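Some notes on the structure that comes next.
Only the coordinates and a few stated rules stand behind these numbers; no lab work does. Predicted model, so just to flag it, every value in this text is computed and none were measured. Here the Cβ positions follow ideal geometry from the backbone for every residue, glycine too, while neighbour counts run over all protein chains shown.
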Amino acid sequence: MEITVQWIRTSWTKESRGGEAAARRNAAPVGFALPRPEATSAHVVRMRERDGFAPYDTQEDLRAVDVLLRETDGRLRVLPRVSPLFGQPPRRRRPPAVRLAPGQWVRWQLNYRFSSAAGIRGWSYWLDTFNIAYGPVDADVFLSTPTVSVDEQGAVR
């Protein structure tokens, strides 16, 4: 069965924690139309503060995406890996994996917070959004409402 993966990483610093910059960051899309997908690759989109949150997309090998995908009994088990562990904001216990039936898709969001080891530089942040579909899909599938939505974001203060 076909598996379609879109991984969106939005990154910013304390400069985008408020005002106009935060408004631009918060307006960044959480789903994009797919380019012509290949079965062994993921659509990867990066949006960075330094680029005004303009999307830059590439195709990467599925193994480069931090998510566990396993087909069992006609369903797809999806569970993003949480890494790096030192970048986790406090969050409740992790939710269980999602099991998708053919024709379903999940949007799973995780965030991270980082500081330099010496505390010299300010904080930086990531938001990872994983859009994963099981079965054949149209190019605009991730522009619609997901079958399952998991918000695993912690407070980044």
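The table below gives the values:
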quantity: Antiparallel DSSP beta bridges within the chain, percent to nearest 5; calculated: 75 percent
quantity: Mean Cα-pair separation over length for the chain, i.e. relative contact order, pairs under 8 Å, 6 or more apart, %; calculated: 30 percent
quantity: Most mobile of 36, 81, 93 in a GNM of the chain (Cα contacts under 10 Å); calculated: 93
quantity: Choice from 146, 55, 95 with maximal GNM fluctuation in the chain (Cα, 10 Å cutoff); calculated: 95
quantity: Charge-dipole axis of segment 3-152 as Lys and Arg at +1 and Asp and Glu at -1 on Cβ define it, positive-most pick from 134, 62, 95; calculated: 95
quantity: Spin-label pair residue 28/residue 83, simplified geometry with 7 Å Cα→Cβ offset, distance in nm; calculated: 2.1 nm
